[in-house]
1. Has the range 36-49 got at least one residue that is assigned to a helix (DSSP H, G or I) and modelled with pLDDT under 95?
2. Let me confirm something: among 164, 171, which residue is within 17 Å of the chain's Cα centre (by Cα), in contact (Cβ under 8 Å) with a residue 12 or more places away in the chain and under 22 Å from residue 60 (Cβ atoms)?
3. Out of curiosity, is residue 138 at pLDDT 95 or above and either over 20 Å from residue 87 (Cα atoms) or surrounded by 15 or more Cβ atoms within 10 Å (Cβ to Cβ) (or both)?
4. Checking the condition in contact with a strand residue (DSSP E or B) (Cβ under 7 Å, 6 or more places away or on another chain), within 23 Å of residue 76 (Cα to Cα), surrounded by fewer than 21 Cβ atoms within 10 Å (Cβ to Cβ) and modelled with pLDDT of 95 or more, which residue from 207, 170 passes?
5. Has the range 154-166 got at least one residue that is in contact with a helix residue (DSSP H, G or I) (Cβ under 8 Å, 6 or more places away or on another chain), surrounded by fewer than 19 Cβ atoms within 10 Å (Cβ to Cβ) and not in a helix (DSSP H, G or I)?
6. Scan the range 173-204 for residues that are surrounded by fewer than 19 Cβ atoms within 10 Å (Cβ to Cβ) and farther than 18 Å from residue 51 by Cα and jot them down.
7. Within the range 178-210, how many residues are under 16 Å from the mean Cα position of the chain (by Cα), over 18 Å from residue 155 (Cα atoms) and assigned to a helix (DSSP H, G or I)?
8. Which of the numbered conditions does residue 87 fail, given that it passes all the others? Conditions: (1) closer than 27 Å to residue 158 by Cβ; (2) at pLDDT 95 or above; (3) out of contact with any strand residue (DSSP E or B) (no Cβ under 8 Å at 6 or more places or on another chain).
């Protein structure tokens with residue numbers, strides 16, 4: 001009973017909390033929303049992305065990865081189009097069942113992180129099969145926070161970083177999480193270009209990089 005009451009109270013607070021943070025994106029408010037939603041990124045990292053969304057909203061926002069932050073991103077981009085790409089079927093069905101109002105597609109990466117050198121040398125192998133609704137658009141903002149890339153048996157983010165570089169519009173923004181890891185660092189430098197790097201917020205739970213794509 002106590003757990004049920006706690007869950008119901010959290011649900012009642014989540015949406016109003018996000019809307020309030022959207023109007024007043026202060027770090028204390030964002031930290032509260034982060035705690036309520038169980039979001040991994042730090043409040044400062046969330047604030048950086050929020051500012052980019054607010055600057056361009058309503059905009060076209062593409063997110064690689066579904067998670068506890070999905071409702072947060074959808075509500076921030078009020079009046080815009082926010083779409084999620086997820087490769088884990090279990091996680092996909094869990095999140096879309098919990099939040100049926102979001103737009104999400106199940107994708108397949110068919111890679112392993114350990115093959116990153118071969119993939120870097122052959123960019124044609126980095127193409128991802130995507131719905132036409134995704135490929136036909138130029139996206140204002142792209143967030144790469146998937147697929148998993150913590151060991152050699154995971155898909156790695158080689159394809160998602162490459163795809164982000166192709167789908168984002170000129171002068172668009174790309175955010176990549178976990179850039180403290182070697183593969184993310186190498187693929188970002190290769191496809192998003194160091195000269196486009198605007199800022200980086202470091203954290204023990206993963207560095208976030210912000211690229212404004214002016215040079216390809």
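The values are calculated or read from the model by the stated rules, or taken from the named source; none is laboratory data. Model, not experiment: these values are computed from the prediction. No Cβ is skipped: glycine too gets one built from the backbone with ideal geometry, and neighbour counts run over all protein chains shown.
1. yes
2. So the residue among 164, 171 that is within 17 Å of the chain's Cα centre (by Cα), in contact (Cβ under 8 Å) with a residue 12 or more places away in the chain and under 22 Å from residue 60 (Cβ atoms) is 164.
3. Against the criterion (at pLDDT 95 or above and either over 20 Å from residue 87 (Cα atoms) or surrounded by 15 or more Cβ atoms within 10 Å (Cβ to Cβ) (or both)), residue 138 does not qualify.
4. Residue meeting the stated conditions: 207.
5. Checked the range 154-166: at least one residue is in contact with a helix residue (DSSP H, G or I) (Cβ under 8 Å, 6 or more places away or on another chain), surrounded by fewer than 19 Cβ atoms within 10 Å (Cβ to Cβ) and not in a helix (DSSP H, G or I).
6. 180, 181, 182, 185, 186, 189, 190, 193, 194, 195, 203, 204
7. Total meeting the criteria: 1.
8. (3)
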